Amino acid sequence: MLLLAPTVANARRHPQFEPTDLELEDPGTTELDLQFGFVKGSDAHRIVMPDFELDLGLLDNLELDIDGTESIKGAADDHPLVLDHNSFDNLWVSLKVGLYDDHIYDSKDEDAKDGWAVGFQVGPKIPTGVDEHGLGAEGLFLLGRHEGAVHLVLGIGGLIDPHHTAIGRPYGLEGGLDLEYDLSDKWALLGELAGSIFASNDPRQAGGTFGVQYSPTDKLDLAIVGAYGFLDGNDPYGIFFGISPKASIW
């Protein structure tokens with residue numbers, strides 16, 4: 001995220017890593033995951049309008065993902081609530097690939113299933129941020145566990161971002177856990193823990209989210225999520241409202 005700060009080393013706060021899941025859309029099915037919310041920045045605040053992820057199933061084990069964020073942001077420490085300019089994060093265009101899935105179904109309960117899944121997600125980062133140029137890249141190894149109502153995905157990987165005019169090219173390692181706990185066929189609890197360590201001159205990150213999801217149909221998810229940052233590289237806190245419709249396009 002682009003925030004103004006007193007020194008060149010902190011001229012740009014790197015976007016916080018968001019863990020992903022191993023859900024792959026059926027071929028021809030698309031899902032648009034939108035999140036709108038307010039974030040208290042360490043220097044200036046912002047309104048996310050929106051954080052988005054577009055998923056498109058290509059094959060049974062292959063999905064195209066496009067991930068980006070637009071925000072309305074403040075510009076100064078002494079006026080943190082004055083939101084006066086738009087900001088775009090770099091766009092991540094990636095392929096998510098499922099390598100292995102051994103889900104075992106319970107013959108007495110068709111909705112209950114246990115198993116492991118393995119995959120990866122990789123692709124270029126497009127320089128759509130302010131003062132960014134040159135392509136970057138990001139990749140994650142994904143390990144998923146599904147046991148009854150619990151869906152847990154571990155993601156570990158790294159990134160090399162497009163070059164930023166003020167501070168150079170951020171690069172480092174990232175990892176996190178994505179958790180979904182089904183309360184019923186319509187309600188679920190959501191949680192994430194994530195962190196990043198940079199070899200470049202960017203502060204370390206560690207943060208988490210917790211929320212609840214309501215799915216009135218199998219084609220629509222609604223959610224409210226709170227976020228909290230533990231280190232200087234994170235925003236202190238935020239709250240987001242999400243809507244995720246699905247549609248079949250072929």
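Equivalent-ellipsoid semi-axes for the chain (Cα gyration tensor, √(5λ), whole Å, largest first): 32, 20, 17.
Cross-link check: pairs Lys40/Lys246; Lys73/Lys246; Lys125/Lys186; Lys113/Lys219; Lys125/Lys246; Lys113/Lys246 evaluated at a Cα-Cα cut-off of 27 Å; pairs beyond the cut-off: Lys40/Lys246; Lys73/Lys246; Lys125/Lys186.
Taking a point 7 angstrom from the Cα of Ser87 along the C-beta vector, which residues in the stretch 232-250 have backbone N less than 18 Å away? Only 232-240 fall inside the zone, counting backbone N under 18 Å.
Each label was represented as a point 7 Å from its Cα along the Cα-to-Cβ direction; for Tyr214 and Asp114 these points are 3.3 nm apart. A straight chain from Phe36 to Asp232 at 0.36 nm per residue would run longer than the Cα-Cα distance by 68.2 nm. Pro216 sits among other residues whose Cβ lies under 14 Å from its own Cβ, and their net charge, with Lys and Arg +1 and Asp and Glu -1, is 0. For the listed peptides 218-224, 151-157, 113-119, 14-20, a ranking on the average number of other beta carbons within 10 Å per residue, highest first, reads 14-20, 151-157, 113-119, 218-224.
Taken together, the values in this text are just the output of simple stated rules run on the coordinates, not laboratory data. Being a predicted model, the structure only gives us computed values, none of them experimental. All Cβ positions, even for glycine, are placed from backbone atoms using ideal geometry, and neighbour counts span all protein chains on display.
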